[in-house]
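Engineer: Pasting in a structure now, in structure tokens, and then I'll have a few things to ask.
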Amino acid sequence: MGQMIELTAQDGARIPAWVAQPEGTPRGAVVVAQEIFGVNAHIRSVAEQYAGAGYAVLAPAFFDPLLPSVEMDYSAESVTEGKALVDALGVDRAVDIVHAAAQALEGYGKVGTVGYCWGGTIAMLSAQRLGLPSSCYYGARNVPFLDTPFKAPAIFHFGEL
């Protein structure tokens, strides 16, 4: 099972991150960009699934500079709170946190990102700005950034339901 470690972002902020390690030598590394609900049980399980597939994984707690230890459920109240945290954090700061996580994972080989909902947009921006290959699941805020050139491949996933 994983555990929390601490990253240092470019602005000096200390950011906790869930780390999950594979058995044996990692085949690469993945930064998991959370939904708007924090590094909750679901995001930790996603990190563990990638570790089970052979990757070293970090899931940064993006909201910690604003509100430490955010871990929400999927209620309407949590959606409102999560959206407010996303707006307060901003995408630039979120991409800086991905950058810190990616740097921490460089020793494991190639690093990519995967993100869900708001995190899907952060993963997309990581491909555009940081050159990290990215897998973006239903990026909730992609549209304003679609004209930005990509520095790395990205794949997008959208479901009907």
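The values are calculated or read from the model by the stated rules, or taken from the named source; none is laboratory data. Bear in mind the structure is a predicted one, so any value in this text is a computation, not a measurement. Here the Cβ positions follow ideal geometry from the backbone for every residue, glycine too, while neighbour counts run over all protein chains shown. Note: areas computed on protein heavy atoms with side chains; ligands, DNA, RNA excluded. Shrake-Rupley method; radii C 1.70, N 1.55, O 1.52, S 1.80 Å.
Engineer: May I ask for the percentage of alpha-carbon pairs in the stretch 51-134 that lie more than 21 Å from each other? Numbers along the way, then the final one.
Structural biologist: Numbers: 1092 of 3486 pairs.
When every Cα pair of the stretch 51-134 is considered, 31 percent fall beyond 21 Å.
Engineer: Next question, about the same structure. Which of these, A59, A88, A20, has the largest mean-square fluctuation under a Gaussian network model of the chain (Cα springs below 10 Å)?
Structural biologist: Judging by the Gaussian network model, the answer is A88.
Engineer: Could you tell me what % of all Cα pairs in the stretch 1-147 have separations over 18 Å? Each step should come with its number before you reach the end.
Structural biologist: Details: 5426 of 10731 pairs.
Result: 51 percent of Cα pairs exceed 18 Å.
Engineer: Also, quick follow-up: Scan around F156 for amide H atoms under 5 Å from its own, H built in the peptide plane at 1.01 Å from N, and keep only partners 5 or more places away or cross-chain.
Structural biologist: Counting only residues 5 or more places away or on other chains, the set is C136.
Engineer: In addition: Provide the per-residue ³J(HN,Hα) series for the stretch 45-57, in order, calculated from phi with Karplus coefficients 6.51, -1.76, 1.60 and θ = phi - 60°, each as a whole number of Hz, with x at glycine and proline positions.
Structural biologist: Per residue, the Karplus-derived 3J(HN,Hα) values read 5, 4, 4, 5, 5, 5, 5, x, 8, x, 10, 6, 10 Hz.
Engineer: Cut-off 10 angstrom, C-alpha nodes, Gaussian network model of the chain. Which of P133, P16, P26 fluctuates the most?
Structural biologist: P26
Engineer: Which value, in Å², gives the accessible area per residue of the chain when a 1.4 Å probe is used on the protein heavy atoms?
Structural biologist: Working: 7920 Å² over 161 residues.
Value for the chain: 49 Å² per residue.
Engineer: With θ taken as phi - 60° and the coefficients 6.51, -1.76 and 1.60, list the Karplus ³J(HN,Hα) couplings across the stretch 132-147 in order, rounded to whole Hz; mark glycine and proline as x.
Structural biologist: The phi angles translate into 9, x, 9, 10, 10, 9, 6, x, 6, 10, 6, 3, x, 10, 5, 7 Hz.
Engineer: Of all accessible surface on the chain at a 1.4 Å probe, what whole percent is carbon and sulfur?
Structural biologist: Working: 4280 of 7920 Å².
Ligands and nucleic acids excluded, carbon and sulfur give 54 percent.
Engineer: Pull out the extension gain between I155 and Q10, defined as 0.36 nm times the separation in residues minus the alpha carbon to alpha carbon distance; nm, one decimal. Spell out each step's value before the answer.
Structural biologist: Numbers: separation 145, 0.36 × 145 = 52.20 nm, distance 2.69 nm.
Contour length minus Cα-Cα distance gives 49.5 nm.
Engineer: Determine ³J(HN,Hα), in whole Hz, for all residues of the stretch 5-16 in sequence, where each value follows from phi through the Karplus function 6.51 cos²θ - 1.76 cosθ + 1.60 and θ = phi - 60°; x replaces Gly and Pro.
Structural biologist: 10, 10, 9, 10, 6, 4, 7, x, 5, 8, 10, x
Engineer: Another question about this same structure. Under a 5 Å amide H to amide H cut-off, with H placed in plane at 1.01 Å, what residues pair with L7 once short-range neighbours are removed?
Structural biologist: Correct list: I15, A17.
Engineer: What ranking, highest mean first, results for peptides 134-146, 93-105, 73-85 when packing means the other Cβ atoms within 10 Å averaged over each residue?
Structural biologist: Numbers: 134-146: 17.2, 93-105: 21.5, 73-85: 13.6.
Those peptides, ordered most packed to least, come out 93-105, 134-146, 73-85.
Engineer: For a quick check: with amide H placed at 1.01 Å from N, whose amide H comes under 5 Å from T113's, ignoring anything fewer than 5 positions away on the same chain?
Structural biologist: V31, S134, S135
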